[in-house]
1. For residues in region 80-98 being touching a strand residue (DSSP E or B) at 6+ places or on another chain (Cβ under 9 Å) and open to solvent by 60 Å² or more (accessible area, probe 1.4 Å), which is farthest from PRO8 (Cα to Cα)?
2. Pairs please, first residue from region 64-91 and farther than 20 Å from ASP28 by Cα, second anywhere and β-branched (Val, Ile, Thr) and open to solvent by less than 100 Å² (accessible area, probe 1.4 Å), Cβ atoms under 6 Å, 6+ apart in sequence or on different chains.
3. Which one of these does ALA77 not meet: (1) among the hydrophobic types (A, V, I, L, M, F, W, C); (2) within 28 Å of GLY21 (Cα to Cα); (3) exposed (fewer than 12 other Cβ atoms within 10 Å of the Cβ)?
4. Would you say THR75 is modelled with pLDDT under 85 and not in a strand (DSSP E or B)?
5. Can you find even one residue in region 113-127 that is of a type in the set (Ser, Thr, Tyr) and either touching a helix residue (DSSP H, G or I) at 6+ places or on another chain (Cβ under 9 Å) or open to solvent by 30 Å² or more (accessible area, probe 1.4 Å) (or both)?
6. Only one of VAL52, VAL68, VAL18, VAL24 is over 23 Å from LEU115 (Cα atoms), in a strand (DSSP E or B) and either touching a strand residue (DSSP E or B) at 6+ places or on another chain (Cβ under 7 Å) or open to solvent by 30 Å² or more (accessible area, probe 1.4 Å) (or both). Can you tell me which?
7. Looking at region 25-54 only, could you name the residues that are farther than 21 Å from GLY134 by Cβ and of a type outside the set (Asp, Glu)?
8. So, PHE44, is that one open to solvent by less than 30 Å² (accessible area, probe 1.4 Å) and among the aromatic types (Phe, Trp, Tyr) or not?
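The values are calculated or read from the model by the stated rules, or taken from the named source; none is laboratory data. No experiment lies behind these values; they were computed from the predicted model shown. For neighbour counting, all protein chains shown are included, and Cβ atoms are generated from backbone atoms with ideal geometry for every residue, glycine included. Side chains are part of the model used for accessible areas, which takes the heavy atoms of the whole protein and leaves out ligands, DNA and RNA. Shrake-Rupley method; radii C 1.70, N 1.55, O 1.52, S 1.80 Å.
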Amino acid sequence: MGHGRAQPAQLIPQISFVARGACVLVSDFLFEDGYERALRALVFKHQETFAVQVLSGGELSPELEGAVRLIDSETNAAMEYEAGPHALAEYRRALDAFLTDFASFSTRMAIPHALIDARNDFEQTALNTLAHAGLVR
């Protein structure tokens, strides 16, 4: 646990549920200690689990060039970075792998999931995405 923040993979398994229920987790799922343990805990505790992944435009398609300083909005940790075509292509490959792994894990665990692109009108995009994923009607 960094900076006094509870990590979902540590916190969620400790939650006691009185009965079966539904749980919608809305997150970027970029947990420091991974998302798998948190989602597994909900499923194994008989919670009908839904995963709604929200990523910003800067996360989905960063438009960076040259020397940049990146600051983590949750921890305020800073990192100096040289952004160019090679670095952005590497980032894209890593993001695609993460999204593919997340979708595969969710499918294996029978967790309906959706990715929301926060660049657009959030409310309309969220409703359309959730409807397409079968999470709302």
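1. By that ranking, first place goes to GLU82.
2. What qualifies is TYR81/VAL68; ALA83/VAL68.
3. The one condition ALA77 does not meet is (2).
4. The answer is yes for THR75.
5. no
6. Of VAL52, VAL68, VAL18, VAL24, the one residue that is over 23 Å from LEU115 (Cα atoms), in a strand (DSSP E or B) and either touching a strand residue (DSSP E or B) at 6+ places or on another chain (Cβ under 7 Å) or open to solvent by 30 Å² or more (accessible area, probe 1.4 Å) (or both) is VAL68.
7. Selection gives LEU30, PHE31, GLY34, ARG37, ALA38, ARG40, ALA41, PHE44, LYS45.
8. Answer is no for this residue.
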